Amino acid sequence: VDENIQELLNGLDINNPKLKIPTDWNEEDGKILDIGSETASMYAEIIRQARLIIWNGPMGMFEKDFIEGTRAVAQAIADSSAESIIGGGDTIAVLGKLGISLDNFSFVSIGGGAMLAFLAGQALPGLVALES
């Protein structure tokens, strides 16, 4: 495993069967910028079997046209019959770039970090202010 990948994996139990780490990727100038086609296929298969999907963020640097991994994942989620919760400004932007309608998803939030905090049960300052 190359040192950039090893740094990302530090502290993770990579033998946990629930953790699906990329098996291939696309690089430019030594930087990993997208998941590869094998990984995209693996993730799409997991998505096809899911009943609930929570997605926050593209798979690659879509701004530099490293978008194929994200395309595969986004299309798998859009085609899924599962409940799908998606969030984040970059997620919404990449769906627009791919021409995938937000109507394909059960719930859409432009605040990815706030969405994850809410789903984790954390208090959100804006909601706390509205409640008082």
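How much net charge surrounds E28 when only the other residues with a Cβ under 13 Å from the Cβ of E28 are counted, with Lys and Arg +1 and Asp and Glu -1?
-3
Once amide H atoms are built 1.01 Å from N in the peptide plane, which residues 5 or more positions from I54, or in another chain, come under 5 Å H to H?
I85
Using a 1.4 Å probe on the protein heavy atoms, what percent of the accessible area of the chain belongs to carbon and sulfur?
Summing carbon and sulfur atoms, their accessible area is 53 percent of the total for the chain.
For n ≥ 4 DSSP H runs only, could you compute -39500 (n - 2.57) per run for the chain, divide by its residues and tell me the 222 nm figure to the nearest 500?
Using -39500 (n - 2.57) per qualifying helix, the result is -12500 deg cm²/dmol.
Please compute one quarter of the surface area of the Cα convex hull for region 29-82 and express it in square nanometres.
3.8 nm²
Give me the percent of Cα-Cα pairs in region 1-66 that sit more than 15 Å apart, rounded to a whole number. Present the calculation step by step, with values, prior to reporting the outcome.
On the way: 1314 of 2145 pairs.
Value for region 1-66 (Cα pairs over 15 Å): 61 percent.
Only four residue types carry charge here, +1 at the Cβ of Lys and Arg and -1 at the Cβ of Asp and Glu. Report the dipole size of region 20-117 about the Cα centre in Debye, rounded to the nearest 20. Intermediate results must be reported in sequence, preceding the final value.
Numbers: 7 positive and 14 negative charges, 73 e Å.
Value, rounded to 20: 340 debye.
From the convex hull of the Cα coordinates of the chain, what is the mean projected area in square nanometres?
Over every viewing direction, the Cα hull of the chain projects on average to 9.6 nm².
What is the gain in length, in nm to one decimal, between I14 and E28 on full extension, counting 0.36 nm per residue of separation less the C-alpha to C-alpha distance? Each step should come with its number before you reach the end.
On the way: separation 14, 0.36 × 14 = 5.04 nm, distance 2.51 nm.
Length gained, I14 through E28: 2.5 nm.
The values are calculated or read from the model by the stated rules, or taken from the named source; none is laboratory data. Remember, it's a predicted structure, so these values are computed and weren't measured experimentally. All Cβ positions, glycine included, derive from the backbone under ideal geometry; neighbour counts span all protein chains shown. Heads up: the accessible areas ignore ligands, DNA and RNA and are worked out on the full protein's heavy atoms, side chains in. Shrake-Rupley method; radii C 1.70, N 1.55, O 1.52, S 1.80 Å.
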